[in-house]
Structures are given as structure tokens and as C-alpha cells.
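To keep things clear, I will list the structure first and then write my remarks on it.
The values are calculated or read from the model by the stated rules, or taken from the named source; none is laboratory data. Computed from a prediction, not measured in an experiment: that's the story for all the values here. Note that we place each Cβ from the backbone using ideal geometry, even for glycine, and neighbour counts take in every protein chain shown.
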Ligand SMILES: C[S@@+](CC[C@H](N)C(=O)[O-])C[C@H]1O[C@@H](n2cnc3c(N)ncnc32)[C@H](O)[C@@H]1O
């Protein structure tokens, strides 16, 4: 197994280094000693600034902000909006790809449930059992969904799929995070909306779901677990159908979509990506319950634009890890978030997450998506 190490990169002299203290941002660059190591020189400054939409490098996104509060971050855009409302306004055949991690159980990000989570009391959020003495953050408990909630969940993803079919270009891909327990329901609903199911991308990661003994009978059944302990996260791969009779090469020429980008010329994209739980340094930057690691998001975001250009959208961006990955790769992305606190968080977090460097060895390992476990 290759070790993944995170570090910083000085914006002034380009020096890469590993921090001793994981939780705190360094005060100066250890090489050039600049206290401004984390901000580009004024002429290059391109983050956390409100841009007029006629700015050259944002012209492809012109018109997609509608009348929502927004901020440009580099060549990307974050909006404070309900993504269903926003998707309804997007002209047909506009977006090249969607990469997103939706509210799986639909209701866990309702304001009432967020308050219950913050209060540590009730609702769909539960503290997973501790097996090594350390305190766990609450996870949403999807097995608690009733039949009615499962029906609502299916309706939610069907409507979401229909809106995506409208906004995506023909051949545009959706990569959508799910979990082993709910993926069957979510993926069926997306297919019923008119999307093609194209397989799954497996993020190899140990979560804290499953593997528990039957509740309140742990001692009676010590050799039993009610669900397998989850060791992967399935990401559904969907595509807006190509026009009848159109080949992939024609679709690439006409719509710049229809296929994936290889990590490099020699290797095709693999559908298993060895991953990790989100590193502490990223959680310290973005305190969101579902933040995904940059080491996973960057190769995923890289893969969805087959020609390396176009517009990616994350309609449920949370703290903005998808937009940060796009920013790190020099790609254009629009992120939508409905919850005010997370929208504000994304504006601060995206430039910092995008700046996180991974050492050259690791970068090669991740972009090649090698499976040498
Ligand atoms: C699972 S989280 C995504 C976290 C993200 N992957 C990250 O790295 O931070 C889903 C997010 O979608 C937001 N959300 C839920 N419904 C929404 C809607 N209708 N429109 C926009 N955002 C929504 C929630 O507030 C939540 O932050």
C-alpha cells in the first residue's frame, strides 16, 4: 500500500513541505520565510474576490448565477441557492458533467435535523459505536428511514435526475456518491428519470457503518453482525443518452462529452480508487460532516471532462470539496449550496483546500489510479 502524505506549497517560491503540526496553518514558508506563503502575488491573486461576470476567464459561466448570491473563486463559481430551483433555470444542454455527494437520506440536511445534530440530540444522526476509545462524529442513520421516507427519497432522486437530463449536454456524465445500503434505491430512481446507468466507481475506504452486533442483544449474539462492515463507497456512474445513432467520437466533437478522460495516455480510468478517510488537515479547514478528501475528488473531477474543458456542477456542494478539486486542476466548476452556514464555509474553505499540495510521488500514484494495495 502506498502512503499518502499531505503538505503545503508556497505561493511565493513554490517550495513543497510537510507540516509538523497537522491542525495549524504554517505562519511562514520554511524556505523563503514569507509570511504571505499562502497568497499569490497581487498580480496573480485570483481567489476570494468578487468578480464581475464579464471577467474573461469566467465568461463561460456568465448567466449561470441568475439572481442568487454568488462568489467567483478563481475560474469557478459558488452560489447560495436551492439546486432544484437553479437546475430548472439552466438552459438545456449546457453542463458538461455533474460530480456530487447528495443528501443520501434526503432529510439529514433539513434545518431541523442539522439543529438536532448540532445539539447532539435525536434525529437521524447517530454516534457510531466506538471500538478504539476515540470519539466518533455523528453519522446519519439511513436504516432508520421508514417506507414513506424511502418513497420520498426515490421521488427526490427521480426529480433530480429529470432536472439533470435537461441541464446536461447529451453524453454528459453524472458521478454521484452513495452508500451500500441505499444505492439500489437511489440508482433505480435515477434510471427512471431517463439517465443511462454506466456502472459504479468504487472508493475503497473504511467507513464506520455496519458491522454492529444486534442492538440491545450484543452479549447474547457475540458472533453476529447485522450488516457487513462497509469497506467501500459506491459512486454511481450515469450518462445523459447520446442522440440516437450518434457515436462517441461524434459526441466528443459536437458536445465535448460522452466519455471519460484517462489519467494518462497509457492507462484507462479504473473503476476502483484506493482512498482514505478525509485527513484531519482538510477537516480543520472545512468543518462539514460529509467533506470528501481531495486525494479522491481530484482524480474523479479530472475524469469527467473527456477533453479537459467544460463546465462541471456540484449541486450539493457542502463545503466545496468538488470545487476545490476543480480549482486545483484548473477546471471550471459551479457549486450550489442551500444552507447559509455551509455556503459561507465553502467561500473560505475552497481556496485553502485547492492550495493543499500532495507530494509529487503521491500525485502520480493518485492520477494513475494504481491499485497496488
Ligand atoms: C452530503 S453533503 C455534501 C458534502 C460535500 N461532499 C463536501 O465535501 O463538503 C450534501 C449538502 O447538500 C446540501 N443540500 C441539501 N439539499 C440541497 C438543495 N436542495 N440545494 C442545495 N444544497 C442542498 C446540504 O446542506 C449539504 O451541505
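List the helices (runs of 4 or more DSSP H) that sit entirely inside the range 255-353 and contain at least 3 residues that are under 20 Å from residue 237 (Cβ atoms) and not assigned by TED's automatic domain parsing to the domain that holds residue 82.
none
Regarding the range 123-134, can at least one residue be identified that is away from the ligand (no atom under 11 Å from the Cβ), modelled with pLDDT of 65 or more and assigned by TED's automatic domain parsing to the domain that holds residue 346? Explain how you work it out, then say what you get.
Residues of the range 123-134 that are away from the ligand (no atom under 11 Å from the Cβ), as a first pass: 123-134.
Subsequent filtering for residues that are modelled with pLDDT of 65 or more retains 123.
Filter once more, keeping what is assigned by TED's automatic domain parsing to the domain that holds residue 346: 123.
Scanning the range 123-134, I find at least one residue that is away from the ligand (no atom under 11 Å from the Cβ), modelled with pLDDT of 65 or more and assigned by TED's automatic domain parsing to the domain that holds residue 346, so the answer is yes.
Please enumerate the residues belonging to the range 179-191 that are surrounded by 19 or more Cβ atoms within 10 Å (Cβ to Cβ) and modelled with pLDDT of 95 or more.
Once the filter is applied, which keeps residues that are surrounded by 19 or more Cβ atoms within 10 Å (Cβ to Cβ) and modelled with pLDDT of 95 or more, the range 179-191 yields 186, 187, 189, 190.
Being within 16 Å of the ligand (Cβ to nearest atom), at pLDDT 95 or above and over 22 Å from residue 203 (Cα atoms) narrows it down to one of 248, 285, so name that one.
Sole residue among the options that is within 16 Å of the ligand (Cβ to nearest atom), at pLDDT 95 or above and over 22 Å from residue 203 (Cα atoms): 285.
For the range 65-93, how many residues meet the condition of being more than 13 Å from the ligand (Cβ to nearest atom), modelled with pLDDT of 95 or more, surrounded by 18 or more Cβ atoms within 10 Å (Cβ to Cβ) and farther than 19 Å from residue 328 by Cβ?
Of the residues in the range 65-93, 2 are more than 13 Å from the ligand (Cβ to nearest atom), modelled with pLDDT of 95 or more, surrounded by 18 or more Cβ atoms within 10 Å (Cβ to Cβ) and farther than 19 Å from residue 328 by Cβ.
Quick check, is residue 269 in contact with a helix residue (DSSP H, G or I) (Cβ under 6 Å, 6 or more places away or on another chain), more than 16 Å from the ligand (Cβ to nearest atom) and in contact (Cβ under 8 Å) with a residue 60 or more places away in the chain? So that I can check it myself, show each step before the final result.
Working: in contact with a helix residue (DSSP H, G or I) (Cβ under 6 Å, 6 or more places away or on another chain): yes; more than 16 Å from the ligand (Cβ to nearest atom): yes; in contact (Cβ under 8 Å) with a residue 60 or more places away in the chain: yes.
Considered against the rule, which asks whether it is in contact with a helix residue (DSSP H, G or I) (Cβ under 6 Å, 6 or more places away or on another chain), more than 16 Å from the ligand (Cβ to nearest atom) and in contact (Cβ under 8 Å) with a residue 60 or more places away in the chain, residue 269 comes out as yes.
Touching a residue at least 12 places away in the same chain (Cβ under 8 Å), out of contact with any helix residue (DSSP H, G or I) (no Cβ under 8 Å at 6 or more places or on another chain) and outside any strand (DSSP E or B): which single residue out of 180, 189 fits that description?
Of the residues listed, the single one that is touching a residue at least 12 places away in the same chain (Cβ under 8 Å), out of contact with any helix residue (DSSP H, G or I) (no Cβ under 8 Å at 6 or more places or on another chain) and outside any strand (DSSP E or B) is 180.
Could you figure out which of (1) farther than 26 Å from residue 273 by Cβ; (2) without any contact (Cβ under 8 Å) to a residue 60 or more places away in the chain isn't true of residue 212?
Failed condition: (2).
With 172, 199, 161 as the choices, which residue is surrounded by fewer than 17 Cβ atoms within 10 Å (Cβ to Cβ), in contact with a strand residue (DSSP E or B) (Cβ under 8 Å, 6 or more places away or on another chain) and in the same structural domain as residue 313 (by TED's automatic domain parsing)?
Within the list 172, 199, 161, the selection yields 199.
Rundown of residues vs (1) exposed (fewer than 13 other Cβ atoms within 10 Å of the Cβ); (2) within 22 Å of the chain's Cα centre (by Cα); (3) over 29 Å from residue 165 (Cα atoms), yes/no style:
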site	(1), (2), (3)
258	no, yes, no
266	yes, no, yes
269	no, yes, no
272	no, yes, no
285	no, yes, yes
288	no, yes, no
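Quick one: count up the residues across the range 94-110 that are at pLDDT below 95 and near the ligand (Cβ under 9 Å from one of its atoms).
Going through the range 94-110 one residue at a time, the tally reaches 6.
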